[in-house]
Structures are given as structure tokens and as C-alpha cells.
Amino acid sequence: PSNWNKAYSEFKGEETAFGCASYRLVLKGLKSNCRYAFYIKSTPSSSCAVYVDGKLLASSGTVTDSAEKFRPAYEPIYADFTSSHTGEAELVIQVANFVYRKGGIWLPIYFSEQDALYRYYNTEAGIIVFACSMLLFLCIVCFTIFALNIKKRSPLYLGLFLLSLLLRMGITGFNILPLVFKNIPYGVLFKMEYSVLWIGPPAFFFFLWSMFEWMTKCRRLAYAYGILEAVLGLLTVFLPISIVNKMVLLFEITALIGTVFCIVILITGVFKKEKHIVMYLLSVLVIALALLYEMAYLVLRGAIIYSYIPLAVLILAVIQFFTLAAQETELFSDRVVLIHKLKKLNDAYIRFVPREFLDMLNKRDITDVALGDYVQKDMGILFAQIYVRAGSQDITLEEEYDIFSTFSMVVSLLMPQYGGFVSKFLSRGLIALFPEGTQSAVNCCFEIQDRIDKLNEIRR
């Protein structure tokens, strides 16, 4: 496989991706009357037609030498045929391109007996479908988490990153989207394919940026990079393919810048001993190893039979999702601890601020009370003091405190029975409020006196 951009100039005098051509290959040594098949992962040169022994078996788009009649398409090519008794077959592939930035056949063409190639076709399709399904599921989960808490933006960034990988894999990995949605225009698919370059790196960059608090120091740098990628994205959406084609190099440069930013963040996180930094590094390492493997395989073998990029992307997505889930779990645990602390704090406040005050203000707890909140109400007020007389004997402070505590406990329990509550404790007594009026306070006074007489009798 190769493209004709430079080879074309050898006999036409110019470098161009546009034009049309026919590729011819005579296959010999085939089994007679045996079923064979061929497979191309995606439409080469944006349109093609495949002939075997002069018979059209498969086509994608419209192949023509005229740009006006040309129609591009994104589709996988698969067809089978029966070999002749001579054991030979003539394979002819016509291609045409007037929109894409490179022309020719740059993807491998798989040819084998039908059973073997069909198994390979189904296996690859199954892997891509499974990977895309998992990415779609993780995207939905991330966007749902963000919708439930829009202040927490890390799930949004992770969801956008996974969405860009999903689009790229669903178009170039096996062309799932063109197969499922037949009417998607070629231009839309083309722009979706390269969205990974201006969505993926900035989304992952902002995902890491939202994970580490120390990254707030680089706010201007992050926003500048985000604005740059957003502008490129808008240009990609609204400009025609002919211009977007020429911007691919710019997309790759900005994507490389974002990748460098992410690597710097990860290395800095290692030195700062951030939590889960090992998981982030592991996910990036998985992708890097898959890319290095494919690059080495291309150099040694010339074409990749089985690609591990989809599996690596899926592993990356799962690792990032579980890392995010672990962080959310830690935040939830911290919130639970904080809630318990607030409950203890409220319980402590209740010792000094009666619960009834909060009820009259229609407040649930002390933290809901704002400066200036008030309620005007007529109430009965009861003042009660206790005098400790020990005759000629001296009484210690501990004994006096014990007596006062007993008095306070008895009186405090009586107040709610008459619709009142203790407002505050004084040095030798207390103040109680009765929202129902003074008669309740008077009735409570008689009860208090009876209880004190009984206490005095017990003490004597």
C-alpha cells in the first residue's frame, strides 16, 4: 500500500492527491473452483470499484475521472468470488479522489480463502464494536455524572475525550458509523474522524488540570490552549473539506502540544506524589506501547494485520474511568466525615442555642441562621434561681456545682411539659421562655417548687 501524491509527479510533473487510477493484480496458484474473498478496511482514495475477472463485485462511492460526477464514501469493502479452473484470477481496483489530501491505495488489501478471511473480518468487526460500545457506555456514564453535579467538570472532560476516541475508532477502525448510518455525508464523517485531534488532547489536558489543585497556577496557559483548540474546532465544523484538508498538519501540531502538556503534568504529578498518578501513567503507557508496536511492525512487515490500538484505547478508557470513580469515592468518604463533623458541631451548638429558637426561626440547624433573622412573639418569661444554704458547715465548690446540676436537670425536664424551654443558664439559675403565655409559666413555677421541696427533703 502507498499513496500516489509524489509518485504522480514522476509522470505528470506535479504533486497532487487528486485524480483516478486502476490497479491490476493477477493472482496465480489458486485452488480451482474455491471460494476466495478480499477485504479493505476503508474506501481507498475516497471512492473505489473492485472487479474480479471483469465482473464488478463491490464498490464504494462513484469512481470517475470527473470531479463533477465524483462521489466520495466511507465504507469497508468486502466481497467473495469463486476461482476458475485455471487457478488464476485478475483483481482490478479502480480508485478516484477529488477531496482527500492523499490519493491511491494506502491501506492493506486482505486476500484469502473465504472462511479464513470471513473469520478475520468478523473478529475485527467484533473487537471494534465491543470497544466502541464500551466507550459509548463510559461516555454516557461520564456525562450523567456531570449532569448530576455540573460544578464537578472532570467527568465532562473525560467524557469528551472518550467521545473523540469513539468517533475516530468508529470511522477509521472499522467504519461502523457509515454502516449503521448510511446517510451520513462524507464531509461530516471526514470532520468527525479528525475531531480526535482538536477534542482529544485538550479534553484530556483539562481532565488532568481539573484533577490536580496545583494546576490552577497555569490557568492562563490552560485557557489559551483551550481557546486555540476551540477556534480550530469551529473552523473545522464550518469550513469546507478542501480547506480542512490543508489544516490537518495544524491539527497534528496542536495535538502534539497538548500531548506534551499532558506528559509534563503527569511527570510533575509524580514528583508531587499525587494520588492515582500511577494509574494515569499506566493508561498513557498502554497507548504508547501500542503505537510503538504498530510503528515497528510497519517498518518490519510493511502492513499491520492485527491492530492493538482499539484494545489499548479501551484499556485507557477503563483505567481513567475507574480512577475517576475512585476519586469520587474518596470525595464521598470525605463528605461523610464532614457531615459527621457538622452534626457534632450542631449538637455542640444546641447546648448553647436552644433547638426551640431554631424552630421558631424555621431553621433546620444553626448553619442556616443568617445575620438579621428574627421572629417577634409575645411569650411568658420565667426566672429561677437557687440558693445553697449549708447552715454552719462550709460547702465546697464541687458540692455547690453538684447541687446546681441536679437543680438544672430537674427544672429543664419540667419546662417542655408546660410548653416552655430553657433559654439560658445563669450563675445560680436559669431563664425559661413560654411561647404559650404566662399562665404556663406560673403553672410550671408551682411544679418547680414542689420538686425543689422534694430535693431538699432528699438532701436532708
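The values are calculated or read from the model by the stated rules, or taken from the named source; none is laboratory data. Being a predicted model, the structure only gives us computed values, none of them experimental. Counting neighbours? That spans all protein chains shown, and the Cβs are built from the backbone with ideal geometry, glycine included. When the accessible area is computed, the model is the full protein with side chains, heavy atoms only, and any ligands, DNA or RNA have been set aside. Shrake-Rupley method; radii C 1.70, N 1.55, O 1.52, S 1.80 Å.
Here is how the numbers come out for the structure above:
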{"read-out": "Whole-percent carbon and sulfur share, accessible surface of the stretch 380-460, 1.4 Å", "value": "53"}
{"read-out": "Percent carbon-and-sulfur accessible area, the stretch 108-254, ignoring ligands, DNA and RNA, probe 1.4 Å", "value": "71"}
{"read-out": "Filter on Lys217/Lys272; Lys6/Lys55; Lys275/Lys343 - keep pairs with C-alpha separation over 23 Å", "value": "Lys6/Lys55; Lys275/Lys343"}
{"read-out": "Rounded tilt (10° steps) of 219-238 against the dominant C-alpha axis of the chain", "value": "40"}
{"read-out": "Relative contact order (%) - the chain, alpha-carbon pairs under 8 angstrom, separation at least six", "value": "10"}
{"read-out": "Cα gyration tensor shape of the stretch 329-420, rounded if a/c is under 1.5, else prolate or oblate by comparing a/b with b/c", "value": "oblate"}
{"read-out": "Within the stretch 302-460: Cβ-based charge dipole about Cα centre, in debye rounded to nearest 20 (Lys, Arg +1; Asp, Glu -1)", "value": "120"}
{"read-out": "Answer label for Rg and Dmax of the Cα atoms in Å (calculated), chosen among (i) 24.1, 75; (ii) 33.0, 98; (iii) 39.0, 134", "value": "(iii)"}
{"read-out": "Per-residue ³J(HN,Hα) for the stretch 307-315, Karplus 6.51 cos²θ - 1.76 cosθ + 1.60, θ = phi - 60°, Hz, x for Gly and Pro", "value": "9, 9, 4, x, 5, 5, 5, 5, 4"}
{"read-out": "Solvent-accessible area per residue for the stretch 144-249 (1.4 angstrom probe, square angstrom)", "value": "50"}
{"read-out": "Three principal axis lengths of the stretch 144-289 [C-alpha, angstrom, descending]", "value": "49, 35, 28"}
{"read-out": "Degrees, to the nearest 10: 397-414 long Cα axis against longest axis of the chain", "value": "70"}
{"read-out": "Thr367-Leu285 FRET efficiency (beta carbon distance; Förster radius 35 Å; 0.05 resolution)", "value": "0.15"}
{"read-out": "Karplus 3J(HN,Hα) series, Hz, for the stretch 443-460 with 6.51 cos²θ - 1.76 cosθ + 1.60 (x for Gly, Pro)", "value": "4, 5, 4, 4, 5, 4, 4, 4, 5, 5, 4, 5, 4, 4, 5, 4, 5, 5"}
{"read-out": "Percent accessible area from carbon and sulfur atoms, the stretch 1-66, protein chains only, probe 1.4 Å", "value": "47"}
{"read-out": "Cα centroid of the stretch 273-289 to Cα centroid of the stretch 50-65, whole Å", "value": "47"}
{"read-out": "Projected-area mean, the stretch 229-289, by convex hull of Cα positions, square nanometres", "value": "5.3"}
{"read-out": "Cleavage-rule hits, trypsin sites (Lys or Arg not before Pro), the stretch 47-114, DSSP coil, Cβ neighbours within 10 Å at most 11", "value": "Lys69"}
{"read-out": "D (Stokes-Einstein, µm²/s), Kirkwood Cα radius, the stretch 79-125, 1.002 mPa s at 20 °C", "value": "158"}
{"read-out": "Gyration tensor verdict on the stretch 388-460 (Cα atoms; rounded if a/c is under 1.5, prolate if a/b is larger than b/c, oblate otherwise)", "value": "prolate"}
{"read-out": "For the stretch 318-335, Karplus couplings with θ = phi - 60° (6.51, -1.76, 1.60), whole Hz, Gly/Pro x", "value": "5, 4, 5, 5, 5, 5, 4, 5, 5, 5, 5, 5, 5, 5, 5, 4, 5, 5"}
{"read-out": "Interchain or long-range residues, amide H under 5 Å from Ser423's placed H", "value": "Ile431, Ala432, Leu433"}
{"read-out": "Computed E for Trp214/Lys454 - FRET, C-beta separation, R0 56 angstrom, nearest 0.05", "value": "0.25"}
{"read-out": "Nonlocal amide H pairs with Ser84, under 5 Å, H built at 1.01 Å", "value": "Asn33"}
{"read-out": "Rounded if a/c under 1.5, otherwise prolate or oblate - the stretch 137-184, Cα gyration tensor axes", "value": "prolate"}
{"read-out": "Trp214 - accessible surface, heavy atoms, 1.4 Å probe, Å² rounded to 10", "value": "50"}
{"read-out": "Cα-projected label distance for Lys31 with Asp394, points at 7 Å along beta-carbon direction, nm", "value": "11.7"}
{"read-out": "Extension gain (nm, one decimal) between Thr62 and Asn122, 0.36 nm per residue minus Cα-Cα", "value": "19.0 nm"}
{"read-out": "Sparsely packed GluC sites (Glu not before Pro) within the stretch 66-96, loop by DSSP, other Cβ within 10 Å at most 13", "value": "Glu68"}
{"read-out": "FRET efficiency for Val278 and Leu148, using Cβ-Cβ distance with R0 set to 30 Å, rounded to 0.05", "value": "0.60"}
